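The values are calculated or read from the model by the stated rules, or taken from the named source; none is laboratory data. Since the model is a prediction, treat every value here as computed from it, not as a measurement. Heads up, the Cβs are rebuilt from the backbone with ideal geometry, glycines too, and the neighbour counts pull from every protein chain shown.
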Amino acid sequence: MMEGQQAAKPAMQPDEELEHLALAARISGVDVEIVLPASHEIAMARMRLHYLDWGTVGRRPIVFLHGAALNAHTWDVVCLMLRQEHHCYAIDQRGHGESAWAEDADYSGDAHCRDIEGFVDSLGLDQFVLVGHSMGGFNAFNYAFHHSHRLAALVLVDAGPSMLTKGARRIVDFVTQTAELDSLEEVIEKAIAFNPRRDPRLLRRSLLHNFRQNHAGKWLRKTDLRMWQGAPNREQERKRLEERFRQAARVSCPTLIVRGGLSDVFTTEDAQKLATDFSDGHYAQVGDAGHTVQGDNPRVFAQVLSQFLGKVLPSS
């Protein structure tokens, strides 16, 4: 086990988790059955991935990929809303949440793509929907660039090539400045300052999925910050991704570009233009949401996603 990691243990007890999910749903204006997902792990070559399985077996799968420095729980309310119609999976990507950190610090797009390949192959998924937010959107696009024939649909949430040079510094600064803090209250204070749309009642528990307390009482991020700190070939990675986006038309499946109406890292013009670059591209905007669309307004995001899938997928 690498320095900075420790054996995974539940952030909350089941009754606490149910109470937290019920509060999150109520604050989001969502009236659904409150259930807990199953927690599983998949061991692959030099990588262990943790994921949440929301069911329902036999329904079309949706695989959700979170953004940088987030985790699988960012999709909780969305999965609660969609689980009756779809078999929802949310992955902790490498270096995040309860998944392993890369021993060689490889957080390249190709490494993430191999993880997605291994995950879907292990579960035997085909003709599934792949949804990615921010960094997860780039990883979803990289997978689709090579394997869109295996996808029923692709959804990129506040993620596109122009985002690589817009607003990312604010996110990186926030994550690195909160890498180690003295108290959970300080974590909550800084999180609200970064995103005032978040409810402090939810943060007190949801941040437990992103932070852990060490023996000295400090609160540390579960994210492997080596993905940003001196990461090799960063410029080469950026150029490769931009080149692939210029060939977006080769992605054959229906693709939805979602922008948060209040996003400070992805403009309406850039998002709409990106949608036209795909062979079957669509665009939607979620109001009252910044960059983290699924966290700021999960109810409307889930509705937008459901409407899109209802339009482009064959009825079962």
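Scan Arg114, Arg150 and give me the residue that is surrounded by fewer than 24 Cβ atoms within 10 Å (Cβ to Cβ) and more than 27 Å from Ala271 (Cβ to Cβ).
Step by step, each of Arg114, Arg150 is checked, and only Arg114 is surrounded by fewer than 24 Cβ atoms within 10 Å (Cβ to Cβ) and more than 27 Å from Ala271 (Cβ to Cβ).
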- Say whether the condition of being surrounded by fewer than 24 Cβ atoms within 10 Å (Cβ to Cβ) and at pLDDT below 95 is met by at least one residue in region 155-162. yes
- Task: Those residues that are in a loop (DSSP other than H, G, I, E, B) and surrounded by fewer than 18 Cβ atoms within 10 Å (Cβ to Cβ), I need them from region 251-302; list them, please.
- Result: Ser252, Gly261, Leu262, Asp264, Thr267, Ser279, Asp280, Gly287, Asp288
- Among the residues of region 111-123, write down those that are under 10 Å from Asn139 (Cα atoms) and either at pLDDT below 95 or among the hydrophobic types (A, V, I, L, M, F, W, C) (or both). Ala111, Cys113, Ile116
